[in-house]
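The values are calculated or read from the model by the stated rules, or taken from the named source; none is laboratory data. This structure is a prediction, so every number in the text was calculated from the model and none was measured. Here Cβ is always computed from backbone atoms with ideal geometry, including for glycine, and neighbour counts include all displayed protein chains. Ligands, DNA and RNA are excluded from the accessible area calculation, which covers all protein heavy atoms including side chains. Shrake-Rupley method; radii C 1.70, N 1.55, O 1.52, S 1.80 Å.
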Amino acid sequence: MINIAWGFLLWMSATILFRLFGQTFLIPGQVFLVLSIFILAIPLIIIATYPYYYFREIPETERLKAAVQIALPGMLLDILSIIYFAKVFPNLTNDSLPLFASWLLWAYSLILITGFSIKNNNK
């Protein structure tokens, strides 16, 4: 349950960030800026997940389950964010919707990837 709450908190934070400032960094045609936002998601997701796993003492064998529980609330709520895009994000143009949706897929993929162990189990 705490993992789901953490996922909801992350979703809420990202939604507020895009609602308030999305028009400054999600601009169609600005390839460098958009690419920067995708690259910036990597350390942000790392900061939002690995310390969380560490402080909650989630064993590596349970991290994939935790990652799914973290990602799922936002994935479900973003269904509504996409359907009501113009109302939820009035500062973004309809042209930014594909960029926004692809960024969401990227961010959720990164969260899920953190659930996989990177330990080398050579015998």
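Annotation note: Cβ proximity below 8 Å between a residue of region 30-42 that is touching a residue at least 60 places away in the same chain (Cβ under 8 Å) and under 12 Å from Trp103 (Cβ atoms) and a residue that is part of a helix (DSSP H, G or I) and open to solvent by 60 Å² or more (accessible area, probe 1.4 Å) (sequence gap 6+ or interchain) occurs for Phe38/Trp106; Ala41/Trp106.
So, of the residues in region 57-76 that are of a type in the set (Val, Ile, Thr) and at pLDDT 95 or above, which turns out to be surrounded by the most Cβ atoms within 10 Å (Cβ to Cβ)?
Per the stated criteria, the residue is Ile70.
Take Ser96 and tell me if it is in contact (Cβ under 8 Å) with a residue 12 or more places away in the chain and either open to solvent by 50 Å² or more (accessible area, probe 1.4 Å) or part of a helix (DSSP H, G or I) (or both). Taking the combined requirement at face value, the residue satisfies it. State yes or no: is Gly74 closer than 19 Å to Thr114 by Cβ and part of a helix (DSSP H, G or I)? When the stated conditions are applied, Gly74 passes them.
Taking region 77-93 only, how many residues are surrounded by fewer than 19 Cβ atoms within 10 Å (Cβ to Cβ) and either over 18 Å from Ile4 (Cβ atoms) or over 19 Å from the mean Cα position of the chain (by Cα) (or both)? Residues meeting the conditions: 10.
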